[in-house]
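Visitor: Take this structure, written in structure tokens, and hold onto it; I'll ask about it next.
Throughout, read-outs are computed from the coordinates displayed, never taken from laboratory work. Since this is a predicted model, take the numbers as computed values, not measurements. Using ideal geometry, Cβ is built from the backbone for each residue, glycine included, and neighbour counts are taken over all protein chains shown.
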């Protein structure tokens with residue numbers, strides 16, 4: 001491994017400072033991105049991209065943002081609108097809801113339908129969920145007050161349309177095999193379920209390419225990370241997690257279980273604590289149809305808002321881990 005250069009160290013220090021300053025806004029940013037994307041996974045992706053773009057853009061600003069929250073909303077809005085326009089005419093699938101139009105109007109931000117344009121959706125969210133004024137919304141969306149009024153009128157009119165059911169996607173056989181191998185503690189069998197060219201992410205912390213690299217990094221962390229967490233209470237060293245989030249974790253391997261969330265298969269990681277068993281991470285996988293092996297794995301451990309939302313919806317007891325902290329970072 002190459003030693004960090006002075007530039008590397010400077011960037012890392014600047015990123016730690018950026019995290020410390022903007023971390024308190026992360027829950028609000030996630031909620032905004034969640035309303036925009038209508039998917040917890042897409043919301044977390046948008047949060048990560050927004051923070052990265054904001055960090056990269058901060059050095060070019062002549063003065064610090066007057067309103068950091070509004071600035072992050074503006075960065076997220078621009079990213080979202082650009083992303084949707086690039087993928088047009090396809091838009092994210094709607095979520096299953098059992099409520100009628102009256103609730104859709106009453107909870108506009110949470111019930112936005114796929115028929116809304118990205119700017120209409122953002123305008124309704126900013127107005128109805130965050131109660132911002134028209135001028136603030138116009139500034140965030142880089143448009144005029146008149147355009148915001150028009151977007152609100154069009155967007156709210158579409159909220160009375162019925163929602164769409166999300167079909168339940170069958171779990172691929174690789175997921176059952178992954179759960180079985182994980183709970184048996186068989187790292188070799190876990191790695192064999194990954195394509196040699198697979199991408200394995202600990203979202204918000206690291207990205208690993210290839211089954212061989214995942215076999216020695218992410219997969220042991222998923223299985224045995226509880227031992228590292230337990231050691232934090234005894235003064236041990238951990239990577240990425242603040243000791244205050246250990247919360248009585250016992251040094252026993254995690255247990256994996258297959259569930260479904262919003263029609264999609266989801267793996268939940270149970271950790272044993274002195275006062276019971278709690279979910280502390282969730283994992284999604286993408287399976288290549290031809291080989292039946294995993295081509296992409298996303299482990300959501302350092303994503304507190306997403307874990308809380310997923311577990312609340314699944315009615316699972318959970319605890320979160322904060323966000324990833326590089327060594328030398330202040331506590332979140």
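Visitor: Measuring from label point to label point, each 7 Å out along Cα→Cβ, what is the residue 85 to residue 48 span in nm?
Guide: Using points 7 Å along Cα→Cβ, the separation is 2.5 nm.
Visitor: Calculate, in nm to one decimal, what residue 60 and residue 8 gain on full extension: separation in residues at 0.36 nm each, minus their alpha carbon distance. All intermediate terms of the calculation are to be shown ahead of the outcome.
Guide: Working: separation 52, 0.36 × 52 = 18.72 nm, distance 1.88 nm.
Result: 16.8 nm gained on full extension.
Visitor: Okay, next question. Which order do the peptides 62-70, 202-210 take when ranked by the mean count of other beta-carbon atoms within 10 Å per residue, highest first?
Guide: On the way: 62-70: 11.3, 202-210: 17.7.
Output ranking for 62-70, 202-210: 202-210, 62-70.
Visitor: Taking 0.36 nm per residue of sequence separation and subtracting the Cα-Cα distance, how much length would be gained by fully extending the chain between residue 154 and residue 275, in nm to one decimal?
Guide: So the extension gain works out to 38.5 nm.
Visitor: Run the numbers for residue 291 and residue 183: contour at 0.36 nm per residue of separation, minus the present Cα-Cα distance, in nm.
Guide: 36.6 nm is the gain from fully extending residue 291 to residue 183.
Visitor: Here's a follow-up. How many angstrom lie between the C-alpha centres of the range 283-319 and the range 171-224?
Guide: Answer, in whole Å: 13.
Visitor: Eigenvalues of the Cα gyration tensor times 5, then square-rooted: what semi-axes does that give for the range 173-314, in whole angstrom, largest first?
Guide: 24, 17, 14
Visitor: Give the order of 279, 148 when sorted by the count of other beta carbons within 10 angstrom, beginning with the fewest. Write out the running numbers ahead of the final one.
Guide: Values: 279 22, 148 26.
Ranked by crowding around the Cβ, least crowded first: 279, 148.
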